[in-house]
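Student: Take a look at this one; I'll ask things after.
FYI, it's all coordinate maths here, none of it is from the lab. Every value quoted in this text rests on a predicted model; they were computed, and no experiment measured them. Glycine gets a Cβ as well: all are built from the backbone with ideal geometry, and neighbour counts include every protein chain shown.
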Amino acid sequence: MQTEVEILRAMAKGDKDAFTALFEKYGSTVYGLALRVTESREKASNVTKEVFQKLWHNAASFDSFQHDPFYWVMDLAKETALANESRSEQFDFFAFQESNSAGFDLKELLSKIDPKHRQVLELSYFRNLSEEEIEREMNIPVGTVATRLRIAIKSLREVVG
Amino acid sequence: MRVQAFITSGVLEKYVLGMATGEEKTNVLEMASQHLEIKEELAAIRKTMRGYIISHRVAPPADLFEKVKSVTNKQSASVSRTDAATRSASPTVTTVKRDHARRGSNQLMPIGLGLLSIALIAVSFTAYSFFNDLKMVKQEVVDAQEVVEGLKKELATEQTNTREVQAKLDFYLDPDNQILTLKGTNRAPQAKAVIFWNDKSKTCALEKASLPKLDDGNVAVVWSNKPYERNSIKLGVLTPNAATERIPLTYIENPSLLYVTEENSADVDRPNRSKILMTGG
């Protein structure tokens, strides 16, 4: 079984099977992330397509010394999704969320985090807001942002490991 | 105590989420290179965030993969589309021919109906011809897009190469670079490498001139010791088949000794002193 690094290296050489393997490995995570950010199934599909298109064309720029393959792909997915960001009152992300095989489901996972800590994590990760922007959005002191972020991740860690 | 305070400050979480300022990033990298606890904490945060991101997985629409995959085989996909279009167009012609034959065999068919059939045939052929033209135009657009994508890819590669050459040139021309030579030990007398050390920009990199053959799966790890400190600090990892000749290393203040060991994993925390390949400083 190929590692993610081997898959990206093979893709850089034009290996179509490696492309399929990468989609199998990351397709649902990229789509889920895009859906969470764009709150639109159509946009999430377009973002996923764009992300894998970029990965196919830019696999050669992946440097295993500098990048973690998972974060390299997810950063690209987040960046592309944020460029298509939208908000929808009617959209319920959880309705589309599959029960996954990693041993924990998202609702269960998020129930372990205090909502105000969770909000900081979500604003930071899914909306890419800076500490100062979160401070303004939530009307809390800037030092509290880092504290809440730490507590949120600590709570997650108890479940995820 | 200082390390614990650093860990609980929240700066490591900010670093992993990309929220840290430039100064905070430098602090995190420096502290991580000096304290194993911080390095482990960073790895744990990354692992947790990975789990958090993965838990947002949603099965994509069933047809999405085919759409996504078209990027890898536009040519063959285009050809298939043309074949399919030709196949789907053919029955229309056959049907028209069949109608025409039936009309010919029935001598009592009213003339008006005959004319209507001829008109239908004419319309069908016109439509067929129009759609064929449309398909040809579409095919040309697909081909043009493919050429553009190819050129974009070539441009991206060229830009990457140019950046690498420029970076290399800047590196060589930098008067603040100190050059240190690592020479092979008895274990690997042919081994040789050069380390560029820049105290001003607080960067360093290794350029491998000659690396001995390592056992399968093994890597070479660069270590350093600071004066009066017993524990070695890992500066970087060299893989035998790395594409680049120059490997960026973690910068530390005042190293007293630099050396390279052969290790069976890039994740080792302590050097295998029985397998020292090169030393210098």
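Student: Using a 10 Å cut-off around each Cβ of peptide A:45-55, what is the average number of partner chain Cβ atoms that fall inside? Don't jump to the answer; show the numbers that get you there.
Tutor: Details: counts 6, 2, 0, 6, 8, 2, 1, 7, 5, 2, 2.
Counting other chains' Cβ atoms within 10 Å and averaging over A:45-55 gives 4.
Student: Any idea how far apart B:ILE179 and B:ASN198 come out in nm if each label point goes 7 Å out from Cα toward Cβ?
Tutor: The modelled label-to-label distance comes out at 1.6 nm.
Student: Continuing with the same structure: Please name which of B:MET278, B:SER256, B:THR239 has its Cα lying farthest along the dipole of the range B:226-281 towards the positive end, using unit charges on Cβ (Lys, Arg +1; Asp, Glu -1) and the Cα centre as origin.
Tutor: Selected residue: B:SER256.
Student: Follow-up question, since we're still on this one. Suppose the chain between A:LYS13 and A:GLN53 were pulled fully straight at 0.36 nm per residue; how much longer would it get relative to their current alpha carbon spacing?
Tutor: Roughly 12.9 nm would be gained on extension.
Student: Please work out the Cα convex hull volume for chain A and give it in Å³ per residue.
Tutor: 138
Student: Mind checking B:12-23 for the average number of partner chain beta-carbons within 10 Å of each residue's beta-carbon?
Tutor: On the way: counts 4, 12, 7, 0, 4, 8, 7, 12, 2, 2, 0, 0.
Per residue, the average neighbour count from other chains is 5.
Student: Starting from the amide H of B:LEU257, placed 1.01 Å from N in the peptide plane, find each other amide H under 5 Å away whose residue is 5 or more places distant or on another chain.
Tutor: It is B:ASN225, by chain and number.
Student: Counting other beta carbons within 10 Å of each Cβ, put B:ASP215, A:ASP63 in order, fewest first. Walk me through the numbers before you get to the answer.
Tutor: Values: B:ASP215 9, A:ASP63 13.
In increasing order of surrounding Cβ atoms, one gets B:ASP215, A:ASP63.
Student: Here is a follow-up. Taking A:LYS43 as the anchor, which aspartates and glutamates have their alpha carbon closer than 12 Å to its alpha carbon, excluding any fewer than eight residues away along the same chain?
Tutor: Leaving aside aspartates and glutamates fewer than 8 places away in the same chain, those within reach of A:LYS43 are A:GLU85.
Student: Which pairs break 27 Å Cα to Cα here: A:LYS78/A:LYS112; A:LYS16/B:LYS213; A:LYS49/A:LYS116; B:LYS14/B:LYS202; A:LYS13/B:LYS69; B:LYS39/B:LYS183?
Tutor: In this structure, A:LYS16/B:LYS213; A:LYS49/A:LYS116; B:LYS39/B:LYS183 lie more than 27 Å apart at Cα.
Student: May I pose another question? Which net charge results when you count Lys and Arg as +1 and Asp and Glu as -1 among the other residues whose beta-carbon is under 9 Å from that of B:LYS202? Mind dumping the intermediate values first?
Tutor: Values: positive: B:LYS200; negative: B:GLU30, B:ASP199, B:GLU253.
After counting each charged neighbour, the total is -2.
Student: Can you sort B:MET19, B:MET136, A:MET138 by how many other beta carbons sit within 10 Å, fewest first? Walk me through the numbers before you get to the answer.
Tutor: Values: B:MET19 23, B:MET136 11, A:MET138 16.
So the ranking, lowest neighbour count to highest, is B:MET136, A:MET138, B:MET19.
Student: So if R0 is 30 Å, what FRET efficiency would B:THR279 and B:THR8 give, r being the distance between their Cβ atoms, rounded to the nearest 0.05? Present the calculation step by step, with values, prior to reporting the outcome.
Tutor: On the way: r = 39 Å, r/R0 = 1.29.
Efficiency for this residue pair is about 0.20.
Student: To continue, here is another question. Hey, what do the phi angles of the range A:56-72 turn into as Karplus ³J(HN,Hα) couplings, whole Hz, using 6.51/-1.76/1.60 and θ = phi - 60°, x for Gly and Pro?
Tutor: For the range A:56-72, the Karplus curve yields 4, 7, 10, 4, 5, 8, 6, 10, 5, 6, 9, 10, 8, x, 4, 5, 4 Hz.
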